[in-house]
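Take a look at the structure below.
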Amino acid sequence: MVSGCQGAFGEAPPKTVPASMVTAYAVAGKVTDHALPEISGLAVSRRDPAYLWAMNDSNNPTELFLIDTTGRKVGRVRLAGVRNDDWEDLAAFEYQGDPYLLVADIGDNYANRRELYLHIFAEPELTPGVTGLGGKFKPIATLRFRYPEGPRDAEGVAVDTVRGEILILTKREAKPIFYRLPLRLDSPDERLVAERLGHLEGMPGKHFDDLAKGAIRGVFGQSPTAIDIDADGRSMLVLTYTAVYRLQREPDEDWSEVVLRPATWLADHSLRKAEALSVAPSGDHAYFTSEQLPAPLWRLDLDLER
């Protein structure tokens, strides 16, 4: 068991903290199945939180995999009518009483994509005991979009059903940028333009002396690789290559106001290539994992006090 405490981005945790402020995480299991060599997205099922959906990064089949909370693969489904250009995040959400999954095809390492895609699927039904699954599923909606200033690389997407918004966080800027799109369950004819909300404040800068630590743990260590929002739309988690942070929104606040405040540090981690995170529907815990095998599946217990 490893524990951390709350503080500003980049601050070292104090040696002693009140028990109510402790955020703990521990290994819940491990993904070892070779069908999941590059997990870039993770989503706790809205049909049964004892299971999680996972997907692979680019150059892999257009499939979603169902795993249990120990990391054991229990089934897969094929997604028809879509391509995996660069799948970078997966979100689960419930809207108007129905469960959905959003596949974010938003990776753009070389900043040359003119159009990006958010594919929304009805979450497949899970039978008791869940064995095998199978079948093909087509998206109920695909949102095509671009950024107002030109191409960006991003790996974090979250759905705020309370405000009816999809939030996107970029990866490669010294200060990552938040954008938003409307949550729509249709496929607009036009290409949407994401609205820029502002820089994520409080993110430690990238310095050349960090290169000595290696690319992932050093100069790119604070690059956001996944985000997720709890069901009440009040708390967002941000995963980087080295830590987990939280942003909290007051009931009357817009996310454009929230991102101007320093986020709260929750915990450091030692995962290599941590790129997938999901908050459970209850909001009291989250899971995160790595983009290489074997991939430890970590459970992060969250302090629900606001």
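Please treat every number below as a calculation from the coordinates, not as lab data. Not measured: the values here are computed from a predicted model. Cβ sites come from the backbone with ideal geometry, for glycine too, and all protein chains shown count toward neighbours.
Per-residue packing, averaged as other Cβ atoms within 10 Å, sorts the ranges 65-76, 276-287 into the order 276-287, 65-76, beginning with the highest. As a rough guide to protection, the peptides 103-113, 228-238, 140-150 ranked by mean Cβ packing within 10 Å, highest first, stand as 228-238, 103-113, 140-150. Over region 56-175, the ratio between the Cα radius of gyration and 2.2 N^0.38 Å evaluates to 1.12. Restricted to Cα atoms, region 39-82 shows a radius of gyration and a Dmax of 10.4, 31 angstrom. When the listed pairs K138/K171; K73/K136; K30/K273; K30/K175; K138/K273 are checked against a 24 Å cut-off, the alpha-carbon distance exceeds it for K138/K171; K30/K175; K138/K273. Centroid-to-centroid, using Cα positions, region 23-93 and region 103-156 are 13 Å apart. Gyration tensor over the Cα atoms of region 219-269: the corresponding equivalent ellipsoid has semi-axes (square roots of 5 times the eigenvalues, largest first) of 21, 11, 9 Å.
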